[in-house]
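Please read the structure below before turning to the comments.
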Amino acid sequence: MVQVTPRAVQKQQTRRLLLSTALRLMEHQSLGSLSLREVTRAAGLAPAAFYRHFPDMDRLGVALVEESLEPLRAALRAVRVGLSDSDEIIRQSVALLSSTVRANRGWFRFVARERHGQIPLVRLAIRDQLRGFADELARDLLAGPVGAVVRLGEWPAADVQMLTQLAVNQMVVTAAALLDPPEDDPAAEAVILATATTQLRLIVVGARHWLDRDT
């Protein structure tokens, strides 16, 4: 059993403080406009403390991407386990996305802004995470009953990737849309979720007839 030392605990706490402080400061600004000194001053730390965790602000941004998207990726993967009905997968995935965005608005605001932001390394980290979402969805669908229904095993690999990327992109668009309504406007959120559910169903309907285009 690995023993966690007080120093290791303190180091992890400082790292999380830097991440949470940067995220708070970015509520109304981009990562590219935020300086290292702003973050350390707001966190009550010396600039030297920053360099014990990150070489620069770009790498802090990459860490924020991983912190924000990896838990959602794992949760969506868990949702699909044991489900054989595409409608049920869609409903549960959309519901999970909604609750996750609601509980972590700052994280998703950061991803929505930085996905097309000024920092190439952060854009690449977001792209890689989303590609990971699509790759895992492709593997799960190919191995499960939903894939059998749409004969996914007969599709070219590029078409499978296109399908899952469409679904992931739709979830990203939905997450960004969920940031717009006030938190106390459930009716507006319900419209967004209903639209997302319908659009994902449309993707599935198209998938069921994808091979028909060759007949």
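Rule-based calculations on the coordinates, nothing more; no lab input. These numbers were taken from a predicted model, which means no experiment stands behind them. Cβ atoms come from the backbone with ideal geometry, glycine included; neighbour counts cover every protein chain shown.
Annotations
- Tail weight of P(r) past 17 Å, computed on alpha-carbon pairs of region 1-54, percent: 38
- Test item: Cα-centred dipole of the chain, Lys/Arg +1 and Asp/Glu -1 on Cβ, debye: 880
- Calculated on the Cα set of region 1-114, radius of gyration then Dmax: 17.3, 53 Å.
- When the square roots of the Cα gyration tensor eigenvalues are ordered a ≥ b ≥ c, the ratio a/c for region 94-178 is 1.5 or more and a/b does not exceed b/c, which makes its shape oblate.
- Helix 6-25 vs. the chain, principal-axis angle (Cα, 0 to 90°, nearest 10): 70
- For region 158-215, pairs of C-alpha atoms spaced more than 19 angstrom apart make up 40 percent of the total.
- Three-way shape call for region 56-214 based on the alpha-carbon gyration tensor, with the a/c threshold at 1.5: oblate
- Cleavage-rule hits, GluC sites (Glu not before Pro), region 106-212, DSSP coil, Cβ neighbours within 10 Å at most 15: E183
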